[in-house]
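The values are calculated or read from the model by the stated rules, or taken from the named source; none is laboratory data. These numbers were taken from a predicted model, which means no experiment stands behind them. Every residue, glycine among them, receives a Cβ derived from its backbone with ideal geometry; neighbour counts consider all protein chains shown. SASA here: full protein model, heavy atoms, side chains in, ligands and nucleic acids out. Shrake-Rupley method; radii C 1.70, N 1.55, O 1.52, S 1.80 Å.
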Amino acid sequence: MKSVAEICSDLIRFDTTNPGSGERPAAEYVATLLADAGLEPVVFESAPRRTTVVARVAGDSPDALLIHGHLDVVPADPAEWKMHPFSGEIADDCVYGRGAVDMKGSCAMTIATVLDLQARGVRPKRDLVLAFLADEEATGDYGSRHAVTEHRELFDGVTEAISESGGFSVSSGDVRVYPIAVGERGTSWMELTAHGVAGHGSRPAVDNPVATLVHALSRVASYQWPVRLTPSVAALIKALSEITGQAIDLDRLDEEAARLGPLGSLFKGQIRNSANPTMLSAGYKVNVVPSTASAHVDGRYLPGLQEEFLSTIDELLGPKVTREFVNLEDAPAAPYPSAFFDEMGAALVAEDPGARPVPYVMSGGTDAKSFARIGIKGYGFAPLMLRPDLDYFGMFHGKDERVPVEGLEFGTRVLTRLLLARA
């Protein structure tokens, strides 16, 4: 049976860049592994080569747990990497390549764990639904959104889910904190448009839409969003204060995040809404004032704050700039405290007695948003024990992305404990 590192390496070698040629080769590889282990994977496509795999593992209870991951990755420029981003090279006790962290490594842990259970003839304590999805690195239209609308029956009985961006270790001195995500910020990707009067670039502009839009973008980019401490983030900060034995000043959270270093990174992007201009387009010739100008903004908002976020954006844009949503997704939240959170924490502590599990809210987004639409409560839990010198957050979409082999092996042991533990 292949090791988790070998499965991770194999997955990385499939170039599933999004946008690109699709996820089909990686999906076929996953489906073959699952079928060879005695499962009956369902493979479907939302468009040519945009492929998703779903399989169910029978457990002792029909109350099912969904484990989902995505097979697509963001682009990578080989010239910027020490090793080719799709080599899957194993060196320095790490698996290198695009997707090692985000999130073919996590998919490999899920596959390796389930293959081991199947080989040993061991039933998990509850049904498992495994989903290896297309298109997470875009909107999910070809992946999770398609799955929950066109293949809803595959998720019958699922009440909770686990996926990326949680369960990893963050070291600070002798402390190892493991954040388990209990929510994530909502997504508001917007296209902005300003209309004006076209004219010659040498003459005084009557109504220059480029200037109008640039001024609006400047207001958005420079706006200092107020701190909004949600219950889950407040619980995280309280836990970090107890773990470190240091009081955290709630009136100076930006400074406190900087002071705490890696631990502070767990809340510095989760204490307020945000909006970043990311794309700008206008005109077709240097001496022509165009009639329109457009831009894109990546907006994120905390659970429960969508209305406040959008009203602030409208005020900053002013009356002459309109907005349309490229993607609007609510901010999902899972129950905390909860018995399932405690089970995940116990599985971590069983493998790392020094582990300190804490609640966490993701600053970005995952496919959990799509599954929340059908009532599935999603947690971020892809367990990894990391070396203190490895910048986990920097690996996401970064160059020389890599994951430690021993971290993957740790993750499979934790998942096994979680899936088998009985009350």
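Exactly one residue out of Val197, Val170 is more than 30 Å from Pro262 (Cα to Cα), touching a strand residue (DSSP E or B) at 6+ places or on another chain (Cβ under 9 Å) and either surrounded by 15 or more Cβ atoms within 10 Å (Cβ to Cβ) or modelled with pLDDT of 95 or more (or both), and it is Val197. Taking the conditions (1) closer than 12 Å to Tyr360 by Cα; (2) among the aliphatic types (A, V, I, L, M); (3) touching a helix residue (DSSP H, G or I) at 6+ places or on another chain (Cβ under 6 Å) in turn, Ala234 satisfies each one other than (3). Could you count how many residues in segment 152-164 are open to solvent by 20 Å² or more (accessible area, probe 1.4 Å) and not in a strand (DSSP E or B)? Residues meeting the conditions: 5. Being under 24 Å from Pro404 (Cα atoms) and surrounded by fewer than 23 Cβ atoms within 10 Å (Cβ to Cβ) is a description that does not apply to Arg323.
When residues in segment 35-60 are screened for being open to solvent by 40 Å² or more (accessible area, probe 1.4 Å) and under 19 Å from Val122 (Cα atoms), 7 of them pass. Of all residues in segment 8-50, those being polar (S, T, N, Q) and touching a helix residue (DSSP H, G or I) at 6+ places or on another chain (Cβ under 7 Å) number 2. Cβ-Cβ distances below 8 Å connect the following pairs, each with a first residue in segment 336-349 that is free of Cβ contacts under 8 Å to residues at least 60 places away in the same chain, a second residue that is open to solvent by less than 70 Å² (accessible area, probe 1.4 Å) and not polar (S, T, N, Q), and a separation of six or more residues or different chains: Val349/Ala355; Val349/Pro357. Return the residues of segment 114-151 that are open to solvent by 40 Å² or more (accessible area, probe 1.4 Å), among the charged types (D, E, K, R) and not in a loop (DSSP other than H, G, I, E, B); say none if nothing qualifies. Listed by number, the residues that qualify are Asp116, Arg120, Glu150. Applying the criterion of being in a loop (DSSP other than H, G, I, E, B) and over 26 Å from Glu136 (Cβ atoms) to the residues of segment 173-194, the residue that is most open to solvent (accessible area, probe 1.4 Å) is Asp174.
Applying the set (1) in contact with a strand residue (DSSP E or B) (Cβ under 8 Å, 6 or more places away or on another chain); (2) modelled with pLDDT of 95 or more; (3) not β-branched (Val, Ile, Thr) to Glu153 leaves exactly one unmet item: (1). Residues considered: Glu308, Glu242. Of these, the only one that is part of a helix (DSSP H, G or I) and under 24 Å from Ala221 (Cα atoms) is Glu308.
Taking segment 240-266 as the range and being within 25 Å of the chain's Cα centre (by Cα) and aliphatic (A, V, I, L, M) as the test, the residues that pass are Leu240, Leu253, Ala257, Ala258, Leu260, Leu263, Leu266.
Yes/no matrix, rows are residues, columns are (1) over 23 Å from Phe410 (Cβ atoms); (2) charged (D, E, K, R); (3) out of contact with any His (no Cβ under 6 Å at 6 or more places or on another chain):
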| position | (1), (2), (3) |
| --- | --- |
| Arg323 | yes, yes, yes |
| Asn327 | yes, no, yes |
| Asp330 | yes, yes, yes |
| Ser338 | yes, no, yes |
| Phe341 | no, no, yes |
| Val349 | no, no, yes |
| Asp352 | no, yes, yes |
| Ala355 | no, no, yes |
| Ser370 | yes, no, yes |
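Looking at segment 207-227, which of the residues that are touching a residue at least 60 places away in the same chain (Cβ under 8 Å) and assigned to a loop (DSSP other than H, G, I, E, B) is most open to solvent (accessible area, probe 1.4 Å)? Restricting to residues being touching a residue at least 60 places away in the same chain (Cβ under 8 Å) and assigned to a loop (DSSP other than H, G, I, E, B), the top hit is Tyr223. In summary, Phe86 fulfils each of the numbered conditions (1) modelled with pLDDT of 95 or more; (2) farther than 25 Å from Leu386 by Cα; (3) outside any helix (DSSP H, G or I); (4) open to solvent by 10 Å² or more (accessible area, probe 1.4 Å) with the single exception of condition (2). Can we say Ala234 is small (Gly, Ala, Ser), on the phi < 0 side of the Ramachandran plot and within 27 Å of the chain's Cα centre (by Cα)? In short, yes.
Screening Ser87, Ser21 for residues that are more than 16 Å from Ala134 (Cα to Cα) and of a type in the set (Ser, Thr, Tyr) leaves exactly one candidate, Ser87.
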